[in-house]
Amino acid sequence: MFRRAFWFTAGAAAGVWATTKVNRRLKKLTPESLAAQAADKAVEAGHRLKDFALDVKAGMTQREDELNDALGLHQDPDRPDNVTALPGPRRLRAIENTKTTYRPKFSYDRNEDH
């Protein structure tokens, strides 16, 4: 009698366990659940992409500082956004160069046709 009761209980427990497992799998495959999983993966990928972009920006800033030191460029605190300025003499030469003005080869008068 106890053997039958044991096997009946074991079979019922296995059936409940299998039914529960199948129901959980089916709930994971519903459209709402799949959409939620995809959204979670997209958010996770976005965070990883943001971290990558911040790492790249930090590396760019570090390399720019190294190049500025190597070239002798300095940061001018009076300029907006801390833009790199040329050293004095080179900057003045760049500003004073007014010989390169654009002059078109042909002139067009709108009133010629009338």
(message) With a 1.4 Å probe and all protein chains left in place, how much accessible area per residue does region 27-67 have, in Å²?
(response) 89 Å²
(message) Residue by residue through region 11-20, what is 3J(HN,Hα) from phi via Karplus (6.51 cos²θ - 1.76 cosθ + 1.60, θ = phi - 60°)? Round to whole Hz and write x for glycine and proline.
(response) x, 5, 5, 5, x, 5, 4, 5, 5, 4
(message) Rolling a 1.4 angstrom probe over the protein chains, ignoring ligands and nucleic acids, what is the accessible area of VAL16 in square angstrom, nearest 10?
(response) 90 Å²
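The values are calculated or read from the model by the stated rules, or taken from the named source; none is laboratory data. None of these values were measured; they are calculated from a predicted model. Heavy atoms of the whole protein, side chains included, go into the accessibility calculation; ligands, DNA and RNA do not. Shrake-Rupley method; radii C 1.70, N 1.55, O 1.52, S 1.80 Å.
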